[in-house]
Structures are given as C-alpha cells and as structure tokens.
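**Q** One structure, pasted below without further comment.
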Amino acid sequence: MPCPCIFISTMHKAIIISGPTASGKSRLAIELALEFRKHGRDAEIISADSAQVYRHLDIGTDKLSPAERQSIPHHLIDIINPDQHFDAAMFRTLALKEVARINLEGKVAILVGGTGFWVWALLYGLFSGPGRSDELREELRMLSREKGNDYLHQLLSELDPESAGRIHPHDLNRLVRALEVRKLTGKSMTEHFKEQQRETSINALHIALNVERPLLHQRINERVDQMMAQGFLDEVKRLREMGYGPGLESQKIIGYRQLHQHLDGELTIEEAVHEVKKQTRHYARRQLVWLRGQKEVKWKDPARGKASVISEATKFMEGAK
C-alpha cells in the first residue's frame, strides 16, 4: 500500500478536540465550525471515534443526528458494516486524505473523538512492529477461551501497564496484538511508541476537554438513561435480527455488549444499565490517563472555556503563535 504521507504537506493544519466520553466534544466541534462559518470560512469534521465508523450503531455510539450536525460535513462515520474490520492504520490513511483535501479546499479540518490511539496514529504514524504469529495468536486466544479476557488483560497489566490502561479488557484483538508484540520483541508496545520518532507532517492544535469527575459521572449516567429512553435496547434487537450478533467485535462495544447479555438472559435490564454506566465511567478514566500523557495537549474547561477554545483555534488557523 502506498504511504499515505504523500497526501500531506507541512502546510496542512488540523484542530483536534479530544476528551473523555460525555465531555461535549462533538457539540463543541459543531460550535467551532459554525464560528468559522460566521467569519466566512467553512469547516469540516473528521470523526476519530472507533465506534461511530459502524453503520446501524447509532444510539449506543451517541452519533449526532443530521439536524444536530447543522449541515456541517462529517467524515468517517457510518463507513463500514458491523461485521467488517477497521483499524488504526485504515483510519490513518483515510483521515490523512481528508485533512489534505479539506485544507486544499481552503477549509478548516476539525478532528473530534475519544479514541486516543487513532489520534496518535494520525499524528505520528504506527511503528513497524513484528509480523503476526498465527501460532502465538491462537495460543493467546485459547487462553482467553479457557480463562477469559480479564486474564489476558491482567497479564498485559504486568507486562505493559500503560497499554493495559488504554485497552479495554474485552477488546480481544488489541489485547492479543499487545501481548504478541511483547513476546516477539521483548519490548512492550509502550516502549516501541516511546522510541518512535515523534514527528508529524500535520500542524495540529490539540485541545482536550477537562470536566470535573463528579460532573462527568453525572453526564455519563444521564446519557445512558437517555440512550435507553431513545430505544437503545430496540437498536440492539434490530442488530441481532440483521445477523449482527454478540460474537462480533462491534457488538462488544460498551453498551452493546451488556444489552446482548440482557437479551441472552445473563443480566436483568437494571443490571445491564448499571454495568453500562460503570464500564463507561471506567472507559472515561482510561481516556483521561492517555490524554494526560500527551504533552502537546492544551486542556480546556468546556463549561468556562468555549470562548477561549474558539479564540485559540481561530488564531491557530490564521497562523498566529
């Protein structure tokens, strides 16, 4: 595959809005795009959300409705079916092309999403790790079948705590890859990333939203309740009717996994909702841990800092230091 870097020049810019789930990233990105529009410059939004790439997963991934998008073009949302594969490398290729195209058209590229590893991949690329070992992968998957994903996650926590902090215990593919890299090279993925030369051909302003923990937890709980009221359970039922069952990676996303467990009689609906809220809070914590390790990030309080975000983003696109 040709190197996607050919589409990028050092003149290309992107504004990145990161933050934990329920911090208001998507809506702030809309406000920012509308502010640029008021001043005569169009903006387009690129999603860096590993759940929103899937078609038919709408309520549980908190996708903005067409009306909420307010005619701002959005990219890398609804691009694959729930049984298809998509990874950070594929995201990087597509996102680089979108950034280049948007910039070349004289518009503002706004990247928004909470999948930190994808943001990293876009900015710094992916290290050229070892090839896959089918024998080792099958051994690790067998361990998962015998002892559960939590066992693999605990094993990774001992070998590579930082990667374990980024990877959800139920994300079997990434768990297996992280352990495979460690066993084949003697170095953790974290060590490989730290050794990777941190140079990017995208000039990025990376803003992260910082919400006080009690408020963030309240927002998460309220959002899950709202999703249920909007018909989240019916969405999962429809997915099963379409043939997208609980064994698919897309159906192990937080929320979908627990509602499949409810439909299979493993959890009551009250237990499932409680578990969704709890796992979402844990996920938000992992997102914050990753972001706090990124020195280039500029933290903003979305409750008090919207004007500051808009001002800083405007100056950045104008080339002000």
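**Q** If we only count helices (runs of 4 or more DSSP H) wholly inside the range 138-227, which ones have 2 or more residues that are out of contact with any Gly (no Cβ under 8 Å at 6 or more places or on another chain), small (Gly, Ala, Ser) and outside the structural domain of Ala272 (by TED's automatic domain parsing)?
**A** In the range 138-227, the matching helices (runs of 4 or more DSSP H) lie at 161-166.
**Q** For the range 237-247, indicate whether the set of residues that are acidic (Asp, Glu) and surrounded by 18 or more Cβ atoms within 10 Å (Cβ to Cβ) is non-empty.
**A** No, that holds for no residue.
**Q** Tell me yes or no: at least one residue of the range 290-309 is part of a helix (DSSP H, G or I), within 30 Å of Gly40 (Cβ to Cβ) and among the hydrophobic types (A, V, I, L, M, F, W, C).
**A** Checked the range 290-309: at least one residue is part of a helix (DSSP H, G or I), within 30 Å of Gly40 (Cβ to Cβ) and among the hydrophobic types (A, V, I, L, M, F, W, C).
**Q** Also, quick follow-up: I'd like the full set of residues that are free of Cβ contacts under 8 Å to residues at least 12 places away in the same chain and part of a loop (DSSP other than H, G, I, E, B), limited to the range 24-78.
**A** Once the filter is applied, which keeps residues that are free of Cβ contacts under 8 Å to residues at least 12 places away in the same chain and part of a loop (DSSP other than H, G, I, E, B), the range 24-78 yields Gly40, Ser65, Pro66, Ala67, Ser71.
**Q** Now a separate question. Taking the criterion of being of a type in the set (S, T, N, Q) and closer than 30 Å to Arg132 by Cα, would at least one residue in the range 250-273 satisfy it?
**A** yes
**Q** Oh, and also: Would you mind telling me which numbered condition in (1) under 18 Å from Ser26 (Cα atoms); (2) modelled with pLDDT under 85 Lys300 fails?
**A** (2)
**Q** Within the group Arg92, Arg69, which residue is touching a Leu at 6+ places or on another chain (Cβ under 9 Å) and charged (D, E, K, R)?
**A** Going through Arg92, Arg69 in turn, the sole match is Arg92.
**Q** Turning to a different aspect of this structure: All but one of (1) surrounded by 15 or more Cβ atoms within 10 Å (Cβ to Cβ); (2) without any contact (Cβ under 8 Å) to a residue 60 or more places away in the chain; (3) of a type in the set (Val, Ile, Thr) hold for Val297; state the number of the condition that does not hold.
**A** (2)
**Q** Got at least one residue in the range 55-71 being assigned by TED's automatic domain parsing to the domain that holds Trp299, hydroxyl-bearing (Ser, Thr, Tyr), in contact with a Ser or Thr (Cβ under 6 Å, 6 or more places away or on another chain) and closer than 26 Å to Arg285 by Cβ?
**A** No.
**Q** If you don't mind, another one. Residues in the range 250-262: is at least one under 24 Å from Val289 (Cα atoms), crowded, with 20+ Cβ neighbours inside 10 Å, not assigned by TED's automatic domain parsing to the domain that holds Pro20 and not polar (S, T, N, Q)?
**A** Within the range 250-262, none of the residues are under 24 Å from Val289 (Cα atoms), crowded, with 20+ Cβ neighbours inside 10 Å, not assigned by TED's automatic domain parsing to the domain that holds Pro20 and not polar (S, T, N, Q).
**Q** Met242 passes all but one of (1) within 19 Å of Val276 (Cβ to Cβ); (2) touching a residue at least 60 places away in the same chain (Cβ under 8 Å); which number fails?
**A** So Met242 meets the others, but not (1).
**Q** Across the range 139-160, what is the total count of residues that are within 22 Å of Thr21 (Cβ to Cβ) and surrounded by fewer than 14 Cβ atoms within 10 Å (Cβ to Cβ)?
**A** Residues meeting the conditions: 1.
**Q** Which count do you get for residues in the range 107-137 that are assigned to a loop (DSSP other than H, G, I, E, B) and without any contact (Cβ under 8 Å) to a residue 60 or more places away in the chain?
**A** The qualifying residues number 6.
**Q** Test each condition in (1) modelled with pLDDT of 95 or more; (2) touching a helix residue (DSSP H, G or I) at 6+ places or on another chain (Cβ under 7 Å) for Leu28 and report the one that comes out false.
**A** Going through (1) modelled with pLDDT of 95 or more; (2) touching a helix residue (DSSP H, G or I) at 6+ places or on another chain (Cβ under 7 Å) one by one, Leu28 breaks only (1).
**Q** Scan (1) in a helix (DSSP H, G or I); (2) of a type in the set (A, V, I, L, M, F, W, C); (3) under 26 Å from Ile110 (Cα atoms) for the single condition Leu233 breaks and write down its number.
**A** (3)
**Q** Mind listing whichever residues of the range 260-271 are assigned to a helix (DSSP H, G or I) and either in contact (Cβ under 8 Å) with a residue 60 or more places away in the chain or on the phi > 0 side of the Ramachandran plot (or both)?
**A** Within the range 260-271, no residue meets the criteria.
The values are calculated or read from the model by the stated rules, or taken from the named source; none is laboratory data. Small disclaimer: the values here were computed from a predicted structure and weren't measured. A quick note on method: Cβ atoms are made from the backbone with ideal geometry, for glycine too, and the neighbour counts reach across all protein chains shown.
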